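Accompanying notes for the structure given below.
The values are calculated or read from the model by the stated rules, or taken from the named source; none is laboratory data. These numbers come from a predicted model, not from an experiment. Neighbour counts are summed over all protein chains in view; Cβ atoms, including those assigned to glycine, are modelled from backbone coordinates with ideal geometry. Accessible surface is based on the protein model in full, side chains and every heavy atom, while ligands, DNA and RNA are left aside. Shrake-Rupley method; radii C 1.70, N 1.55, O 1.52, S 1.80 Å.
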Amino acid sequence: MLDPADWKAFREQSHQILDQTLDYLQDVRDRATWTAVPKEVRDRLQSPFPIEASDFGEVYREFARDILPYNSGNIHPRFFGWVQGTGTPAGAIAELLAAAMNSNCGGRDHGAIYVERQVIDWFKELFEFPKSACGLLVTGTSMANLIAVLVARTKALGPAVREQGLQAQTQRLVGYASASTHGCVRKAFENAGLGGESLRVLPVDKTHRVDPNAIADAIQHDRAAGLRPFLIIGNAGSVDIGAIDRLDELADLAERERLWLHIDGAFGALTMLSKKLRPALRGIERADSLAFDLHKWLHVPYDAGCVLVRDEELHRSTFSTEGPYITRMDRGLAAGAPWFADFGPDLSRGFRALKVWFAIKQHGAKRLAESIERNCAQARYLQSLIEADPRFELMAPVSLNIVCLRYLATNLDAAQLDRFNDDLVIALQESGAAVTSSTTIAERRAIRVCIVNHRTEDRDFDLLLQTLGELAVQLERGR
Ligand SMILES: *Cc1c(COP(=O)(O)O)cnc(C)c1O
């Protein structure tokens, strides 16, 4: 009923669309990094619910006119905003294949399930987790962190907390993380019913790492006050500057205090692929749970992240449910227990694993590691350009792939200089030449350049600083 009436015509249209899509990707460097959505396009995207059918080709032409040109820019070689992966053409094809299969990966016994198990096994191997550990592909690290906090909560309170909720608790659970920790960890505490205040935020040193002794002191203090410490969260690549906590020491502390150790390795954990970079992550293999993204430094198309949990039973007891409509059988399609739905909040789940499987098989650990190492080398290259250029100031140490800088406009007070650098970032984005984001480092606004981009070449950083310099002069004149 909803299939093409004329397969031959549909096939021709689809081949054309595929060709145009590949052209679009091949020529990405020739276009603006980002283009704001014009008013007439925004207006067209506010039409009433369509009642009548439209020709597929007509709908595609609307897409090509009103949607495709206004992507967020992260496929472009000069996109350095936030921490966003580039994606790959093969990743787009893998998405097409997964959509054609349209598998529901909540569970049961079919090919897609074995692919997800395979990629999770690969990650267990990469992070030196035991074979008995388990994992789940999720939307991203925000969800992976939430799942980890919920499993840690089960460890502390037992699965009965699912029935009784936190209202039955007399003792408040508290967790510990550094000030460099991503905001989604606090959100996970909120969503887990623990309350954002239950996440103790500890200061960081000049390298943006937390002092494990400071956590130990906070634990003693909280215990003395009648609270119940249960979780330490470490960073393997902090969102602000890419700092890596002393993971081995955090693991020692968690062991000594019998607390859960969770590591947020959204992008930084992937440096495990590189022989050169992985020593900095020592201790990650001791975590009780680990969250990381595949849509960042693995360049899998959005969205894809993963959570690994050392204790499978604990993980399952946090989420598994039953119902007559999802009875597990020994044979047939309803076999294959435990189902992935038993390890997270979703029952129906897409075939995210296929694009991950393609990326890892196609590129292999070696090429993926080279791409990551190249981004880190590019960060050092940009650092050297900034240090040699009196117009700019480096705002934070470069640990991995993130460079924070600012333009030193003259005759401005601190607040005006903050505003100036924020305006400069906006002007850069609007110019289409490149995209960076902004952040605050030591209470001052900074231009943040995150290099998670396999298309970037060194010359793109020359152009970035040149453009920032020119736009800054225009901004200064305009004042
Ligand atoms: C990106 C990021 C997150 C959030 O991950 P999403 O995939 O956007 O949900 C969490 N922590 C760190 C360190 C990150 O870089």
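Could you run through segment 180-195 and say how many residues are in a loop (DSSP other than H, G, I, E, B), without any contact (Cβ under 8 Å) to a residue 60 or more places away in the chain and either within 14 Å of the ligand (Cβ to nearest atom) or open to solvent by 10 Å² or more (accessible area, probe 1.4 Å) (or both)?
We begin by selecting, within segment 180-195, every residue in a loop (DSSP other than H, G, I, E, B); these are 180-182, 192-195.
Checking the rest, the ones that are also without any contact (Cβ under 8 Å) to a residue 60 or more places away in the chain come to 192-195.
Filter once more, so that each one left must be either within 14 Å of the ligand (Cβ to nearest atom) or open to solvent by 10 Å² or more (accessible area, probe 1.4 Å) (or both): 193-195.
Within segment 180-195, residues that are in a loop (DSSP other than H, G, I, E, B), without any contact (Cβ under 8 Å) to a residue 60 or more places away in the chain and either within 14 Å of the ligand (Cβ to nearest atom) or open to solvent by 10 Å² or more (accessible area, probe 1.4 Å) (or both) number 3.
Quick one: is Leu250 crowded, with 21+ Cβ neighbours inside 10 Å, in a helix (DSSP H, G or I) and within 16 Å of the ligand (Cβ to nearest atom)?
Spelling it out, Leu250 is indeed crowded, with 21+ Cβ neighbours inside 10 Å, in a helix (DSSP H, G or I) and within 16 Å of the ligand (Cβ to nearest atom).
Of all residues in segment 79-110, which are closer than 18 Å to Trp357 by Cβ, among the β-branched types (Val, Ile, Thr) and touching a Phe, Trp or Tyr at 6+ places or on another chain (Cβ under 6 Å)?
None - no residue of segment 79-110 is closer than 18 Å to Trp357 by Cβ, among the β-branched types (Val, Ile, Thr) and touching a Phe, Trp or Tyr at 6+ places or on another chain (Cβ under 6 Å), so the list stays empty.
Of a type in the set (Ser, Thr, Tyr), within 16 Å of the ligand (Cβ to nearest atom) and either at pLDDT below 95 or over 30 Å from Asp217 (Cα atoms) (or both) - does that describe any residue in segment 122-145? Spell out the reasoning first.
Initial filter on segment 122-145 (of a type in the set (Ser, Thr, Tyr)): 132, 139, 141-142.
Still in the running and within 16 Å of the ligand (Cβ to nearest atom): 139, 141-142.
Among the residues that remain, those that are also either at pLDDT below 95 or over 30 Å from Asp217 (Cα atoms) (or both) are: 139.
Within segment 122-145 (the criterion being of a type in the set (Ser, Thr, Tyr), within 16 Å of the ligand (Cβ to nearest atom) and either at pLDDT below 95 or over 30 Å from Asp217 (Cα atoms) (or both)), the answer is yes, since at least one residue qualifies.
Is it fair to say Ile120 is open to solvent by less than 50 Å² (accessible area, probe 1.4 Å) and part of a loop (DSSP other than H, G, I, E, B)? If you could, list the steps in order and put the result at the bottom.
Working: open to solvent by less than 50 Å² (accessible area, probe 1.4 Å): yes; part of a loop (DSSP other than H, G, I, E, B): no.
Here the answer is no, as Ile120 does not meet what is asked.
Looking at this structure, is Pro301 away from the ligand (no atom under 11 Å from the Cβ) and free of Cβ contacts under 8 Å to residues at least 24 places away in the same chain?
Considered against the rule, which asks whether it is away from the ligand (no atom under 11 Å from the Cβ) and free of Cβ contacts under 8 Å to residues at least 24 places away in the same chain, Pro301 comes out as no.
Filter segment 336-351 down to residues that are outside any helix (DSSP H, G or I) and over 12 Å from Ile113 (Cβ atoms) and give me whichever is least open to solvent (accessible area, probe 1.4 Å). Before the answer, list the steps.
Just the residues of segment 336-351 that are outside any helix (DSSP H, G or I), to begin with: 336-339, 344-351.
Then drop every residue that is not over 12 Å from Ile113 (Cβ atoms), which leaves 344-348, 350.
Values: Gly344: 6, Pro345: 83, Asp346: 79, Leu347: 78, Ser348: 82, Gly350: 40 Å².
So, considering only residues that are outside any helix (DSSP H, G or I) and over 12 Å from Ile113 (Cβ atoms), the one least open to solvent (accessible area, probe 1.4 Å) is Gly344.
Only one of Ala365, Ala377, Ala369 is at pLDDT 95 or above, in contact with a Ser or Thr (Cβ under 8 Å, 6 or more places away or on another chain) and assigned to a helix (DSSP H, G or I). Can you tell me which?
Unique residue meeting the criteria: Ala369.
Keeping to segment 216-247, report how many residues are more than 16 Å from the ligand (Cβ to nearest atom) and assigned to a helix (DSSP H, G or I).
Initially, segment 216-247 is screened for residues more than 16 Å from the ligand (Cβ to nearest atom), giving 216-230, 246.
Still in the running and assigned to a helix (DSSP H, G or I): 216-224.
So the answer is 9.
Between Ala291, Ala269, Ala280, which is crowded, with 24+ Cβ neighbours inside 10 Å, within 16 Å of the ligand (Cβ to nearest atom) and assigned to a helix (DSSP H, G or I)? Give the steps one after another, and end with the answer.
Details: Ala291 fails: assigned to a helix (DSSP H, G or I); Ala280 fails: crowded, with 24+ Cβ neighbours inside 10 Å.
Only one candidate qualifies: Ala269.
I'd like to know if segment 326-335 contains one or more residues that are on the phi < 0 side of the Ramachandran plot, crowded, with 20+ Cβ neighbours inside 10 Å and more than 22 Å from the chain's Cα centre (by Cα).
Of the residues in segment 326-335, the ones on the phi < 0 side of the Ramachandran plot are 326-331, 333-335.
Then keep just the ones that are crowded, with 20+ Cβ neighbours inside 10 Å; that gives none.
Checked against the condition, which is being on the phi < 0 side of the Ramachandran plot, crowded, with 20+ Cβ neighbours inside 10 Å and more than 22 Å from the chain's Cα centre (by Cα), segment 326-335 yields no hits at all.
Can you give me the number of residues within segment 125-154 that are closer than 25 Å to Ser348 by Cβ and in a helix (DSSP H, G or I)?
Of the residues in that region, 13 qualify.
If you check Gly73, Gly85, which single one turns out to be within 27 Å of Thr439 (Cα to Cα), within 16 Å of the ligand (Cβ to nearest atom) and among the small types (Gly, Ala, Ser)? Steps first, please.
Working: Gly73 fails: within 16 Å of the ligand (Cβ to nearest atom).
Exactly one of Gly73, Gly85 is within 27 Å of Thr439 (Cα to Cα), within 16 Å of the ligand (Cβ to nearest atom) and among the small types (Gly, Ala, Ser), namely Gly85.
When you check Leu199 against the structure, is it open to solvent by less than 40 Å² (accessible area, probe 1.4 Å), of a type outside the set (Asp, Glu), without any contact (Cβ under 8 Å) to a residue 40 or more places away in the chain and within 16 Å of the ligand (Cβ to nearest atom), yes or no?
Yes, satisfied.
So that you can scan it fast, the table gives a plain yes or no per residue for (1) out of contact with any strand residue (DSSP E or B) (no Cβ under 9 Å at 6 or more places or on another chain); (2) among the polar types (S, T, N, Q):
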position: Ile233; (1), (2): no, no
position: Arg246; (1), (2): no, no
position: His262; (1), (2): no, no
position: Arg286; (1), (2): no, no
position: Ser289; (1), (2): no, yes
position: Trp297; (1), (2): yes, no
position: Gly323; (1), (2): yes, no
position: Arg331; (1), (2): yes, no
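If a residue must be open to solvent by less than 50 Å² (accessible area, probe 1.4 Å), over 18 Å from Phe340 (Cβ atoms) and more than 16 Å from the ligand (Cβ to nearest atom), how many such residues does segment 146-175 contain?
The total comes to 11.
Name the single residue that is nearest to the ligand (Cβ to nearest atom) among those in segment 304-325 being open to solvent by less than 20 Å² (accessible area, probe 1.4 Å) and in contact (Cβ under 8 Å) with a residue 24 or more places away in the chain.
The qualifying residue nearest to the ligand (Cβ to nearest atom) is Gly305.
Just checking, how many residues over segment 429-440 are open to solvent by 10 Å² or more (accessible area, probe 1.4 Å) and either within 12 Å of Arg406 (Cβ to Cβ) or hydrophobic (A, V, I, L, M, F, W, C) (or both)?
4
Out of all the residues in segment 372-393, which are in contact with a Lys or Arg (Cβ under 9 Å, 6 or more places away or on another chain) and open to solvent by 30 Å² or more (accessible area, probe 1.4 Å)?
Let us first name the residues in segment 372-393 that are in contact with a Lys or Arg (Cβ under 9 Å, 6 or more places away or on another chain), namely 373, 376, 392-393.
Answer for segment 372-393, where residues must be in contact with a Lys or Arg (Cβ under 9 Å, 6 or more places away or on another chain) and open to solvent by 30 Å² or more (accessible area, probe 1.4 Å): Glu373, Glu393.
For residues in segment 448-468 being touching a residue at least 40 places away in the same chain (Cβ under 8 Å) and of a type in the set (Val, Ile, Thr), which is surrounded by the most Cβ atoms within 10 Å (Cβ to Cβ)? First the steps, then the outcome.
Of the residues in segment 448-468, the ones touching a residue at least 40 places away in the same chain (Cβ under 8 Å) are 448-458, 460-465, 468.
Right, trim to of a type in the set (Val, Ile, Thr) and you get 449, 451-452, 456.
Details: Val449: 26, Ile451: 25, Val452: 28, Thr456: 21.
The qualifying residue surrounded by the most Cβ atoms within 10 Å (Cβ to Cβ) is Val452.
I'd like to check something: does segment 67-78 contain any residue that is in contact with a strand residue (DSSP E or B) (Cβ under 6 Å, 6 or more places away or on another chain), of a type outside the set (D, E, K, R), buried (at least 17 other Cβ atoms within 10 Å of the Cβ) and touching a residue at least 60 places away in the same chain (Cβ under 8 Å)?
Yes, that holds for at least one residue.
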